[in-house]
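Student: Got a structure for you, written out below as structure tokens; questions coming shortly.
The values are calculated or read from the model by the stated rules, or taken from the named source; none is laboratory data. Predicted, not measured: the structure shown is a model, and the values here were computed from it. Every residue, glycine among them, receives a Cβ derived from its backbone with ideal geometry; neighbour counts consider all protein chains shown.
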Amino acid sequence: MPLDFQPGQRVRHPEFGEGVVLAVASDGTVRVFFTGGERQVFATSLQIVTSRTEAIIAHVQGGAERLRHAWLHLEAHALPLMDNAAALTSAQIDLLPHQVVLTHQVATAAPRRFLVADEVGLGKTIETALILRELASRGELTRALMVVPAGLVNNWHRELNEVFNLDFEVFGAEGDVTDRKSNAFAKHDRLIASVDTLKRPARIKRLKEAPTWDLVVFDEAHHLSAYRNGRKVRKTENYKLAEALRDHARDLLLLSATPHQGDHFRFWMLIQLLDPTLFKSPEEMVEERHRLNTVVYRRTKADACTPDGAPLFTRRWVHTESFVMAPAETAFYGKLREYLLDGFDLAKQQGNQGRALGFVMTIFQKIAASSFAAVRGSSRHAAASATCADPARGHPQGSGTGYRWTPGPD
């Protein structure tokens, strides 16, 4: 009957297929939008199409009252999660979409063992703090250990405590938490420590004697190195520390903007800390590198955006400019190249004693890569303080380990 249909309802016609009701007329016809276009058809030729969800709801015994109780149960279950959602918004910073997305991906994963390899400037410290807060708000984080380079301990302490109110303590410095009288790793649940402090055998022993950690984070994880020489593998003390903590922690995060560094074996060993079953060898990792997506998160600055979708960083437009050097520039370049070649040759002849000279030549080479004006200014400055054997002509002079620029006419 015509009154049985409502605008927006999905219906099926034997000839035109499925469509959506647009309007119901009083003459027993219905205006329907089908895939082939809009048509006026008799209501008696239509059947109501129910979705899978609607079909399930229709067969629920107890009708509307039971659905109401189910909805109330769902709301009651979601309420604590809604309260905990403030964990991401209570920080004293403006969060970016990629940071929130990463936090959600890590917090909802199992197991939580990942390499976060976002580019420099995208906020790996913020992302880590958000993950810490989210896990704590879910009741899944009591003990956490941050293992960072010595020079970054105070920075991490300030960021985690002053910006995110996470109550971390510093281990190992004067006036901070120490293990002189007892096992501090057993007594304190949230610690920041330098990798150099923890990698001592005695400290590793105390770490293993303490309760397991809910989360261990390694900053600048590319320093967790292992090298291969033939069939032998040499693991650094940093790597051995990571191995010890890997087996003594539920969750593990490695942070590094440059994790690969052009060495497949070292990168493979880093992945071994996260999942030793993912790849059998570095060669398999290269061939099946798409599987890295299961343990590696990497975003570039080109991927980052503001909450409204605008690019976070100005896009770079790269193009090639060609130019022809002037005669004076060509002559200067030729003399400079001759000077550098002579300098490197002399440094090579002097062996270890020529390292300083080789370093000077490298500096001049880098300055020359900047501009002719830069290297010419540097050479003039060097000439002003140098003594020369031949004032009539500019060329390198070698005497023992010394190497001086001899000025010539402009």
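Student: Scan the helices (runs of 4 or more DSSP H) fully inside segment 61-137 and keep the ones with 1 or more residues being modelled with pLDDT under 90 and on the phi > 0 side of the Ramachandran plot.
Tutor: Those helices (runs of 4 or more DSSP H) span 63-84.
Let's see how each residue does on (1) farther than 26 Å from Ala129 by Cβ; (2) without any contact (Cβ under 8 Å) to a residue 40 or more places away in the chain; (3) of a type outside the set (A, V, I, L, M); (4) not assigned by TED's automatic domain parsing to the domain that holds Val217:
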| residue | (1), (2), (3), (4) |
| --- | --- |
| Ala257 | no, no, no, no |
| His264 | yes, yes, yes, no |
| Trp268 | yes, yes, yes, no |
| Asp275 | no, no, yes, no |
| Glu284 | yes, yes, yes, no |
| Arg289 | yes, yes, yes, no |
| Leu292 | no, yes, no, no |
| Trp317 | yes, yes, yes, yes |
| Ser322 | yes, yes, yes, yes |
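Student: Which residue pairs have Cβ atoms under 7 Å apart, sit 6 or more places apart or on different chains, and have a first residue in segment 330-350 that is in the same structural domain as Ile363 (by TED's automatic domain parsing) and a second that is loosely packed, with under 12 Cβ neighbours inside 10 Å and in a loop (DSSP other than H, G, I, E, B)?
Tutor: Tyr333/Met325
Student: Now, a different point. Taking segment 180-192 as the region of interest, how many residues are over 22 Å from Trp156 (Cα atoms) and either in contact with a Pro (Cβ under 7 Å, 6 or more places away or on another chain) or without any contact (Cβ under 8 Å) to a residue 24 or more places away in the chain (or both)?
Tutor: Here the count works out to 3.
Student: If we keep just the residues of segment 23-43 that are within 11 Å of His13 (Cβ to Cβ) and either at pLDDT 85 or above or not assigned by TED's automatic domain parsing to the domain that holds Arg10 (or both), which is surrounded by the fewest Cβ atoms within 10 Å (Cβ to Cβ)?
Tutor: Phe42
Student: Within segment 283-313, take every residue that is of a type in the set (A, V, I, L, M) and surrounded by 11 or more Cβ atoms within 10 Å (Cβ to Cβ) and give me the one that is nearest to Thr108 (Cα to Cα).
Tutor: Val295
Student: Looking at this structure, is Leu346 more than 30 Å from Thr108 (Cβ to Cβ), at pLDDT 85 or above and of a type outside the set (Gly, Ala, Ser)? Reasoning before the result, please.
Tutor: Working: more than 30 Å from Thr108 (Cβ to Cβ): yes; at pLDDT 85 or above: yes; of a type outside the set (Gly, Ala, Ser): yes.
Against the criterion (more than 30 Å from Thr108 (Cβ to Cβ), at pLDDT 85 or above and of a type outside the set (Gly, Ala, Ser)), Leu346 qualifies.
Student: Counting just the residues of segment 147-175 that are touching a residue at least 40 places away in the same chain (Cβ under 8 Å), in contact with a helix residue (DSSP H, G or I) (Cβ under 7 Å, 6 or more places away or on another chain) and more than 24 Å from Ala304 (Cβ to Cβ), which one comes out surrounded by the most Cβ atoms within 10 Å (Cβ to Cβ)?
Tutor: Looking at residues that are touching a residue at least 40 places away in the same chain (Cβ under 8 Å), in contact with a helix residue (DSSP H, G or I) (Cβ under 7 Å, 6 or more places away or on another chain) and more than 24 Å from Ala304 (Cβ to Cβ), I get Val147.
Student: Select from segment 193-245 the residues that are in contact with a strand residue (DSSP E or B) (Cβ under 7 Å, 6 or more places away or on another chain), farther than 13 Å from Met146 by Cα and in contact (Cβ under 8 Å) with a residue 60 or more places away in the chain and list them in ascending order.
Tutor: Thr212
Student: Here's a follow-up. For segment 292-337, which residues satisfy the criterion of being of a type in the set (Gly, Ala, Ser) and outside any loop (DSSP other than H, G, I, E, B)?
Tutor: Answer for segment 292-337, where residues must be of a type in the set (Gly, Ala, Ser) and outside any loop (DSSP other than H, G, I, E, B): Ala328, Ala331, Gly334.
Student: Taking the criterion of being at pLDDT below 90, part of a helix (DSSP H, G or I), touching a helix residue (DSSP H, G or I) at 6+ places or on another chain (Cβ under 7 Å) and not small (Gly, Ala, Ser), would at least one residue in segment 47-55 satisfy it? If you could, list the steps in order and put the result at the bottom.
Tutor: Keep residues of segment 47-55 that are at pLDDT below 90, which gives 47-55.
With part of a helix (DSSP H, G or I) added as a condition, the list becomes 52-55.
Now narrow it down to the ones that are touching a helix residue (DSSP H, G or I) at 6+ places or on another chain (Cβ under 7 Å): none.
Within segment 47-55, none of the residues are at pLDDT below 90, part of a helix (DSSP H, G or I), touching a helix residue (DSSP H, G or I) at 6+ places or on another chain (Cβ under 7 Å) and not small (Gly, Ala, Ser).
Student: To continue, here is another question. Testing Leu102 on (1) under 20 Å from the mean Cα position of the chain (by Cα); (2) under 22 Å from Leu245 (Cα atoms); (3) aliphatic (A, V, I, L, M), one condition comes back false. Which one is that?
Tutor: (2)
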